[in-house]
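Just below is one structure, and these are the notes that go with it.
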Amino acid sequence: MKTLLGGRIAPLHGSKGTEAEGPGEGPREEDEEPLLSEPEEDDAEARPLPPVCGSPMRGMWRDEKVALYCDEVLRGCNAEDADDAMTKYLSEKLKLKDKWLGVWKTNPELFFMKYEEASIPFVGILVEVTCKPCPSSSSCFNVTVSIAEPFSSNIANIPRNLVNEILEELEHNVPLLEVYPVEGQDSDLHDIALALEVVRFFYDFLWRDWDDEESCENYAALIEERINLWCDIQDGTIPGPIAQRFKKTLEKYKNKRVELVEYQSNIKEDPSAAEAVECWKKYYEIVMLCGLLKMWEDLRLRVHGPFFPRILRRRKGKRDFGKTITHIVAKVMTTDMVKDLSSDTLLQQHDDLDLALDSCYSGDTVVIFPGEYQAVNLALLTDDIIIKGIGKREEIMITSEPSHDSFVVSKADNVKLMHLSLIQQGTVDGIVLPAPKLKMTNNHIYSNNGYGVSILQPTEQFFIVAEEALNKGAASGDKKDDNTISKVMQNLNLEMNNNKIEANLKGDIRIVTS
């Protein structure tokens, strides 16, 4: 694979009043002044930038994105030919118009020695672009630019003569993918804007440096998986906190690649032993990040990779003195709450459900009275306990913590959830059951994301289930395959009685196999 289109591309997105979220999209400011032809004084303050063309890809369905990349642009090519395919696609679009206005968005490091990164995400300059046909199939697309009138920037007090000096140093050639066509030009510019966005998105999100280093029988299928991953992030199927983790991992991988290349380029002669060790350290860190990213991209591996519910604390077991405790969860405890308990019952009152769960040993019971609670520790159940509500079920509401991977996860042998309203918000799945770890009776399960209940079946815990039915359920996660679900639950001794499951985005129950 050759270098990226346009050489160095800074990830410069978002600036107050200049660019909205998404590649190549900016707000449509009302009553913009028309572009003028006469040059301004060198010391004149820069005008605000005109709005750039909107993001055509933002409104596309995932099937449309797949068709665009796999059928129109890549057309079944191999990974090693992907750069040439993107170059050919972009070259054809650039033939539509050879001169146009755009906003050049570049790294502030080019202009400023010291600055706060958050304060200046990019430097934007209104430029006139001149496109020349690419002499050969190359991924290094540069275009000739000059300052357009009126002098406009996202930084009002940037000196015009400084911009001229920088452009002269660059011989007025800048990476094409750093230029965004502005609104108000003819329709051909919208086609060019779309083509630029398609290519940017490919290299920012779909392309991986290892693609042309490994054999891939169906590169289009791999690109489709990555498009689906991106769409799952955008539509909330993958919750925000987990999506951020993926993006940070991807960004870290890219940065580590750059670090390694720069480190190697600074070694003038044969590397010393210390330099060789440092190169290997950087290389293996990249390999580890690469492996993690591959887990994200493979839907079959996500349940055992970044999405797999990890419980890192140990099982407590029984108390040393052999007694069990009933934990009362309520803002205030009254004698009426405990009137039905035997006189020798050991009690402990909590106003926080997490504290009650954290205090439990095997054999304990958590009794929850009406109220709304949030419980991170429901995803850390390691001991055999009973969690039950007392009162009207719809008034005993337990909500998930949006910043965590999972809502309810049990690694104990015998956990019971009874008479509760479980409301998932933001986590990956409503209830994750590494069966037979959990029994659920008379609960109301409400999930606004993913599935309501996911049943994990590790290979080493398989039981005899009709092979053709299981394979069908495992491949599709089909919530309507009630026969498969009932067989799996029966063979795994999983109890779910009289539960109400509703409003789940993808379905009520799915079966996940390794």
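The values are calculated or read from the model by the stated rules, or taken from the named source; none is laboratory data. Everything numeric here is computed off the predicted structure, so don't read it as measured data. Neighbour counts run over all protein chains shown; Cβ positions are idealised from the backbone, glycine included. The area values use the complete protein model at the heavy-atom level, side chains included, leaving out ligands, DNA and RNA. Shrake-Rupley method; radii C 1.70, N 1.55, O 1.52, S 1.80 Å.
Step by step: first the residues of the stretch 291-312, then only those that are outside any loop (DSSP other than H, G, I, E, B) and open to solvent by less than 20 Å² (accessible area, probe 1.4 Å), then the one that is modelled with the lowest pLDDT. Which residue is that? Here the residue is R302. Scanning the stretch 368-388 for residues that are modelled with pLDDT of 90 or more, open to solvent by 20 Å² or more (accessible area, probe 1.4 Å) and within 17 Å of A330 (Cα to Cα) yields F369, P370, G371, E372, I386, K388. If you check A79, A118, A67 for being at pLDDT below 90, open to solvent by 30 Å² or more (accessible area, probe 1.4 Å) and either of a type in the set (F, W, Y) or under 32 Å from the mean Cα position of the chain (by Cα) (or both), only one passes: A118.
Looking only at residues of the stretch 319-339 that are at pLDDT below 90 and among the polar types (S, T, N, Q), we find that the one that is farthest from I368 (Cα to Cα) is T335. Every test in (1) closer than 17 Å to H444 by Cα; (2) free of Cβ contacts under 8 Å to residues at least 40 places away in the same chain; (3) under 30 Å from the mean Cα position of the chain (by Cα) is passed by S410 save one, and that test is (1). I'm told I242 meets every condition in (1) open to solvent by 10 Å² or more (accessible area, probe 1.4 Å); (2) part of a helix (DSSP H, G or I) except one. Can you identify the failing condition by its number? The one condition I242 does not meet is (1).
When the stretch 319-337 is filtered for residues that are open to solvent by 70 Å² or more (accessible area, probe 1.4 Å) and not β-branched (V, I, T), the ones remaining, listed by number, are D320, F321, K323, K331, M333, D336. Selection of the stretch 338-359 for residues being closer than 21 Å to N443 by Cα and open to solvent by less than 50 Å² (accessible area, probe 1.4 Å) yields L353, D354, A356, L357. With respect to the conditions (1) modelled with pLDDT under 90; (2) of a type outside the set (S, T, N, Q); (3) within 17 Å of V182 (Cβ to Cβ); (4) surrounded by 14 or more Cβ atoms within 10 Å (Cβ to Cβ), V103 falls short on a single one, namely (1). Pairing each residue of the stretch 97-108 that is part of a strand (DSSP E or B) with any residue that is among the hydroxyl-bearing types (S, T, Y), provided the two are 6+ apart or on different chains, yields C-beta distances under 6 Å for K99/T130; G102/Y180; V103/Y180. Every test in (1) modelled with pLDDT of 80 or more; (2) over 21 Å from R200 (Cα atoms); (3) touching a helix residue (DSSP H, G or I) at 6+ places or on another chain (Cβ under 6 Å) is passed by F246 save one, and that test is (2).
Of the residues that make up the stretch 166-179, is at least one of a type in the set (D, E) and either under 35 Å from the mean Cα position of the chain (by Cα) or outside any helix (DSSP H, G or I) (or both)? Checked against the condition, which is being of a type in the set (D, E) and either under 35 Å from the mean Cα position of the chain (by Cα) or outside any helix (DSSP H, G or I) (or both), the stretch 166-179 yields at least one hit. Every test in (1) modelled with pLDDT under 80; (2) open to solvent by 40 Å² or more (accessible area, probe 1.4 Å); (3) over 23 Å from the mean Cα position of the chain (by Cα) is passed by P434 save one, and that test is (2).
Per-residue answers, yes or no, for (1) among the charged types (D, E, K, R); (2) surrounded by fewer than 22 Cβ atoms within 10 Å (Cβ to Cβ); (3) at pLDDT below 90:
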site	(1), (2), (3)
N173	no, yes, no
L177	no, no, no
Y180	no, no, no
D186	yes, yes, yes
E197	yes, no, no
W210	no, yes, yes
